[in-house]
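> Below are the structure tokens for one structure; questions will follow.
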Amino acid sequence: MNANKLIELSQDLICITDDKGVFTFLNPAYTDMLGYDAKELINKPFFNIVHPDDLEKTNKEFENLLISEKTINFNNRYIHKNGSVKYIEWKATSVSCEKSVYATGRDITESKLREFENTELEVRLNALINCSTDFMFLLEQDGNIKIANEAFANNFGVSVNKLIGLNVYDLLPKKDGVRRKKAADKIIKERKPIVYSDERSGHFYETHIFPSYTNGNVELAMFTRDITERKLIEGALIASEEKFRNLADTAQVAISIVTTNYEKGILYVNKYWEKITGYTKHESLQLQALDIVHPDQKAMVNERATRRLAGETVPDHYEMKILTKSNQTKWVDITITLIDYEGTRAILTTAIDITERKHAEIKLRDEKEQIKTILNLVNDPIFVKDDNHRITMANKAFFDIFNLDENKVIGYTLAEQVPENEREQFLATDRKVLDTGIPDLREETLTSDGITKTIVTSKTRFIDESGNKFLVGSIHDITVQKNAIVALAKSENRLSLALETGHIGAWDLNLQDQSSHRTLIHDQIFGYKTLQSKWTFEMFMEHVLPEDRTDVEKTFKKALETISDWNFECRIKRIDGKMRWIKSTGKHILNSDGKPIALSGIIQDISEHKWSEVELVRAKKRAEESDRLKSAFVANMSHEIRTPMNSILGFSGLLSSSNLTIAKKDKYLSIIMKSGDRMLNIIDDIMDISKIEAGLVTVEIEEFDINEQIDYLYNIFKQEVEAKGMNLLFKKGLLNKEAKINTDKDKFIAILSNLIKNAIKYTEEGNIEYGYELISNGEDSIFKFVVKDTGIGISEDRQDAIFERFVQADIQDVMAREGAGLGLAITKAHIEMLNGEIWVDSNEGEGSAFYFTLPSKVSSDVNQAIQNSVASDKSNN
Ligand code: ADP
């Protein structure tokens, strides 16, 4: 085989140059490798295609080659015809005799580039691992450090180069070293990576160890990171998340997070949500959000969700109904917010249970309806206006009175029809009531269909719980009352006029609050000039005379107890001290249950009437009495005068007969004389009483000795008394010279004589005693005289009457003896003329004692006094 053929087939580059480097031969591999045709290179120096950066080096090698004639190896770079760089490894030798150089070359571009790449990677990797703050190192099986980064070296305080080759376990504290070595051995043995964390001087480290296989050896690649910060952040994160969950769970608001499309799931719920819905957290997370929406509202909620997702604005706060696990309907106030939840858009809902409020609202609405129904039943127009004068509520009566439709009233102020400039005036009252809260009550007239009505409009302010002001008004038709009031006023006027004219005092007393009303005349009757501020029953009773109080009290008590009318008369003492008669009439005022609520009465001063009445009765009685007495007197007198007269005439007749004995004649004469005496006595008495009544008696005052007169009377009557078988006794109260008295002597004697005569007349046995004593001494000394007998006595009921004139005639008395019955009346009149008094002390059947007093001196004007007394006596009769 031809060697040339081999050269031609060789994959190596083969070339020959001269000592100048000019190609004399090139094989096809050479030209192919550099992209040239042989023609383009032949006879040209190879330097032309050497990489310019390698020219110098190549030239040096070429010269060495020429000198030493040795075979040398070298590398250099060539430029391919397309500009790319080719690395060629050369083996060349020079043959000096031929002045040629023989060379074979191999294209090592690929392996050279790989080599470059590797180196570059290593540099980059180094840079990379040195950038890291994590510790990175590679250990041989025994722990010798094969690779380490700067962070790791810094940790030990040395440079990377110094660290390489040291045993890592020797660098660690012994205890750690042993522990790490054990772990390392385990990894080598099990060929599984491990991760562990440890803490050193307040820092947390996480170490990853991987087994690494190099040339059949197991090495350990280690990577340690300071995770202190991460650890802290993690801790804080856990804490803050926990806080949020706690917060969410304690909130009294139901919180849920649901997917933006409600039909998808529920992502989160809090505790309160569980409480409202009745679903546990676990159950809730299985639900779709729409599951708990009340069927009535599913469509609405769904529609809003769709529109919200499409970016439309929809309400994000509203009230809705939900259906709990136990199928209970609840009302919630829900708020919807779009949020980012774990990287995706979600909906955060917060809900408050407002079921109770909602039920209350519904109830309120029902109640409002009820109120409306009730208001419509009320006959009086009623309306409610808001703070802007708009009518918010009115009843049927209101629409009717104004002849307006409901829809023309509700929401209107009714000032719409009023010209704009007058509206404020029209609404002024409303405004005032709304602003001040002072109720307004006014009477107005309203004319519709030609009929004028009087109405009373009442407006009151009402403030609701939220502070909204309302005006509540009512209208009351008082036309009928108004007319009645006018009529009443008229009649009241008439009544008060009548009361005034009649001088009648009117009063009433409210039994509930004890308030009383009186007319001025009422108080004037009690002597007050003006109406008193106060008037009580006690005040009234103070005025009543003490002797009338019991009766008045009894009458009132009975009227109150039996709830009946009263009518009584009593005497009062006015404040000016005057006594008056009043008449009180009154009645109870009852309520509809028949219970008394007030007393109403009138009083009248009836004094004039009363007195004239009393006077009349007295006068009548007196007239009757005196009439009766006078007839009796006349009858008696005719008897008393006829008896002695008959005797005188009878016995005078007898005297004229011739055959009379002397004795008989004397007896007849004595009878005639006795009868004459008796007649004379009667005529004397009649004369005396007539004189007294006519006021013709005068008093002659003189001083005399009482004792002398006592003796004188004794001498006169002694014989008469003893003739009746009795004793006449006397008693002198003073010694003879001391017993002086200044009075009318004749009358004094007449007084005592008359009393002694009576004593003799009305006594059959025992004693007749008379005398005196001085009962008070000094200037105004008074003598008390007595004439005492043991006779028939005088019954108690007659003891006053015997001093009256003509009494004896009136008394149907078995004991009455002859006499005109004038003696004691004359005696009493005489004693009183002498400023004395007379009285009797007597027991029937036991005797009588007549006492009288006389002052030692009679006042000088006694005659005038007698005139007066006679005059008044006359007027009384
Ligand atoms: P007469 O002329 O009837 O005595 P008097 O005025 O003297 O009238 O007396 C009035 C009446 O009083 C007598 O009728 C008699 O009933 C009664 N009377 C007067 N004195 C006595 C007396 N001493 N004892 C009892 N009765 C007497």
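The values are calculated or read from the model by the stated rules, or taken from the named source; none is laboratory data. Here the structure is a predicted model, which is why all the values come from computation and not from measurement. When we count neighbours, we look across all protein chains shown, and the Cβ atoms used for this are built from the backbone with ideal geometry, even at glycine.
> Looking at this structure, is Ile741 under 16 Å from Ile706 (Cβ atoms) and within 16 Å of the ligand (Cβ to nearest atom)?
Numbers: under 16 Å from Ile706 (Cβ atoms): yes; within 16 Å of the ligand (Cβ to nearest atom): no.
In short, no.
> Taking the range 713-726 only, how many residues are surrounded by fewer than 12 Cβ atoms within 10 Å (Cβ to Cβ) and in contact (Cβ under 8 Å) with a residue 12 or more places away in the chain?
Step one: list which residues in the range 713-726 are surrounded by fewer than 12 Cβ atoms within 10 Å (Cβ to Cβ), which gives 715, 719, 722-723, 725.
Filter once more, keeping what is in contact (Cβ under 8 Å) with a residue 12 or more places away in the chain: 725.
Selection size over the range 713-726: 1.
> Quick one: how many residues across the range 294-319 are in contact with a strand residue (DSSP E or B) (Cβ under 6 Å, 6 or more places away or on another chain) and surrounded by 14 or more Cβ atoms within 10 Å (Cβ to Cβ)?
5
> A further question on this structure: Could you tell me whether the range 639-658 includes any residue that is touching a residue at least 40 places away in the same chain (Cβ under 8 Å), within 16 Å of the ligand (Cβ to nearest atom), exposed (fewer than 14 other Cβ atoms within 10 Å of the Cβ) and assigned to a helix (DSSP H, G or I)?
For the range 639-658, residues touching a residue at least 40 places away in the same chain (Cβ under 8 Å), within 16 Å of the ligand (Cβ to nearest atom), exposed (fewer than 14 other Cβ atoms within 10 Å of the Cβ) and assigned to a helix (DSSP H, G or I): absent.
> Could you say whether any residue in the range 820-839 is closer than 29 Å to Met679 by Cα, at pLDDT 90 or above, within 9 Å of the ligand (Cβ to nearest atom) and hydroxyl-bearing (Ser, Thr, Tyr)?
Scanning the range 820-839, I find at least one residue that is closer than 29 Å to Met679 by Cα, at pLDDT 90 or above, within 9 Å of the ligand (Cβ to nearest atom) and hydroxyl-bearing (Ser, Thr, Tyr), so the answer is yes.
> Considering only residues of the range 773-798 that are in a loop (DSSP other than H, G, I, E, B) and small (Gly, Ala, Ser), which is nearest to the ligand (Cβ to nearest atom)?
Here is the first cut: in the range 773-798, the residues in a loop (DSSP other than H, G, I, E, B) are 777-781, 790-795.
Now restrict to residues that are small (Gly, Ala, Ser): 778, 781, 791, 793, 795.
On the way: Gly778: 33, Ser781: 28, Gly791: 5, Gly793: 6, Ser795: 10 Å.
Out of the qualifying residues, it is Gly791.
> Out of the range 620-636, which residues are hydrophobic (A, V, I, L, M, F, W, C) and surrounded by 13 or more Cβ atoms within 10 Å (Cβ to Cβ)?
Leu629, Ala632, Phe633
> Return yes when Ile683 is in contact (Cβ under 8 Å) with a residue 60 or more places away in the chain and in a helix (DSSP H, G or I) and no when it is not. Even if it seems obvious, please write down each step before you answer.
On the way: in contact (Cβ under 8 Å) with a residue 60 or more places away in the chain: no; in a helix (DSSP H, G or I): yes.
No.
> Are any of the residues in the range 736-745 part of a helix (DSSP H, G or I) and surrounded by 14 or more Cβ atoms within 10 Å (Cβ to Cβ)? Talk me through it step by step, then tell me what you get.
Within the range 736-745, the first condition is being part of a helix (DSSP H, G or I), and the residues that meet it are 745.
Add one more test, that the residue is surrounded by 14 or more Cβ atoms within 10 Å (Cβ to Cβ), and what stays is 745.
So far as the range 736-745 goes, yes, one or more of its residues are part of a helix (DSSP H, G or I) and surrounded by 14 or more Cβ atoms within 10 Å (Cβ to Cβ).
> Output the qualifying pairs, or none if there are none: Cβ atoms under 8 angstrom, residues six or more apart or on different chains, first residue in the range 56-81 and outside any helix (DSSP H, G or I), second residue surrounded by fewer than 13 Cβ atoms within 10 Å (Cβ to Cβ) and at pLDDT 90 or above.
That search, which allows pairs on different chains as well, returns Arg77/Asp53.
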